[in-house]
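Derivation of every value follows stated rules applied to the coordinates shown; laboratory data play no part. Note that this is a predicted model, so its numbers are computed, not measured. Cβ placement follows ideal geometry from the backbone for every residue including glycine, while neighbour counts extend to all protein chains displayed.
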């Protein structure tokens, strides 16, 4: 079985998402930094396919919606990064193979 080594950039977007979530939550926890809560709006827009579930759940269970965006949104960006890496590897492999 051949193991593939992941590039470090695959973890950049999920890490950025996680940092943006934590950064926006600081605005809710510390009153003097309340203006940082606006970042959450952009996180929800960036996670749009995933955040539809959070929009539906947030009316009654805001904590569940927040955890959903934090966990599933970060996983979503990881899967998107892995898909982009896979597509780039296939493109690179098709360019390296000689035409018949």
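Just a few scattered comments:
- Per-q log10 I(q)/I(0), the range 5-55, q = 0.25 Å⁻¹ (Debye; single scatterer per alpha-carbon; no solvent): -0.92
- Which labelled figure in (1) 1.42; (2) 1.32; (3) 1.16 is Cα Rg over 2.2 N^0.38 Å, once derived from the coordinates: (1)
- The range 9-96, relative contact order [Cα under 8 Å, separation at least 6], %: 32
- Were the residues from residue 52 through residue 91 laid out at 0.36 nm apart, the gain over their Cα-Cα distance would be 10.8 nm.
- 41, 74, 97 arranged by Cβ crowding within 10 Å, fewest neighbours leading: 97, 41, 74
- Listed residues 75, 36, 88, most fluctuating in the chain (Gaussian network, C-alpha, under 10 Å): 88
- Axis of helix 62-96 versus longest Cα principal axis of the chain: the two differ by about 20°, to the nearest ten degrees.
- Between helix 12-29 and the chain: long-axis angle, C-alpha atoms, 0 to 90°, nearest 10: 0
- Placing pseudo-labels 7 Å out from each Cα toward the beta carbon at residue 9 and residue 80 gives an inter-label distance of 1.6 nm.
- Helix-only mean residue ellipticity at 222 nm for the chain, each DSSP H run of n ≥ 4 adding -39500 (n - 2.57), per residue, nearest 500: -24000 deg cm²/dmol
- Approximate spin-label separation residue 67-residue 19, in nm, with each point projected 7 Å along Cα-to-Cβ: 2.6
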